[in-house]
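Read through the structure below, which is laid out as structure tokens, and then see the notes.
FYI, it's all coordinate maths here, none of it is from the lab. All values derive from a computational prediction rather than experimental measurement. Here the Cβ is made from the backbone with ideal geometry for all residues, glycine too, and neighbour counts use every protein chain on show.
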Amino acid sequence: MACARRLWAARSSAITAAATRSDPMPRRALAFALLIPLAACGEAEPAPVQQVRLDQPQAAPPSVMASSPDTSEASWLVDESGQSISFGNADEAPLLTLACRLDAEPPQISIIRHAEARPGLSALFPVLGNGTRSRFMVDAVLSEGEWRWEGSLPADDPQLDVFTGARDITATLPGRGMLEIAGSRIPGEFVTWCRAGGEVVAAEAEEEEETEANE
């Protein structure tokens, strides 16, 4: 309404001025005078300025492990079932697990990196040692009440040779640090046993039973 009133006042002034002039006002000039207030009515109001306070809390970035776990006192332990071995510090959750799936054909070994994982993600898990450079594909898996990184492959896969020596091993998961694993015969013996389908352990058990019987 205010714009319409301003438009009417402008038109009236232009017409009055044209009537009082001794020489007729050109039609184009009169039309131009009438269009000026019309254009002014069409101008948009300035957009409100949005204020952003710099002290407002922002979303936190994804958590990333700042340093690698301390494994100076860590070691390999054989599970009671004999179907897996785990590397970690005493009285703490394991950091790395190798599990043998003897019910698969051929037998398979699962590599489990116990570290925070997000659903739907995958990663390459490089493991270096014993003259071998392996890169295992692992996926985020929910198992035994924890989200962890896990990958499986046939027990006879050459990449698993990285565990078959007695030298030091490094295993690095991007964003979750590097594991420095001291040399041990346990992982090599475990991989060899799994590749044989558990027959080696069975043979050793039979030999022990025979020895006890002869005694």
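Per-structure values
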read-out	value
Rounded, prolate or oblate (a/c below 1.5 giving rounded, otherwise prolate when a/b exceeds b/c) for segment 65-156 by Cα gyration tensor	rounded
Cα shape, segment 75-213, gyration tensor, a/c 1.5 rule	prolate
Relative contact order computed over segment 75-213 (Cα-Cα under 8 Å; 6+ residues apart), in percent	20 percent
Cβ-based exposure ranking for ASP157, ASP70, ASP168, in which fewest neighbours within 10 Å come first	ASP70, ASP168, ASP157
Fewest-first ranking of MET178, MET137, using other Cβ atoms within 10 Å as the exposure measure	MET137, MET178
Segment 164-178-segment 105-162 distance, computed between alpha-carbon centres (Å)	12 Å
Footprinting exposure proxy for THR97, THR192 (fewest neighbouring C-beta atoms within 10 Å first)	THR192, THR97
Whole-number D in µm²/s for segment 92-141 (Stokes-Einstein; Kirkwood sum over Cα pairs; 25 °C, 0.890 mPa s)	195 µm²/s
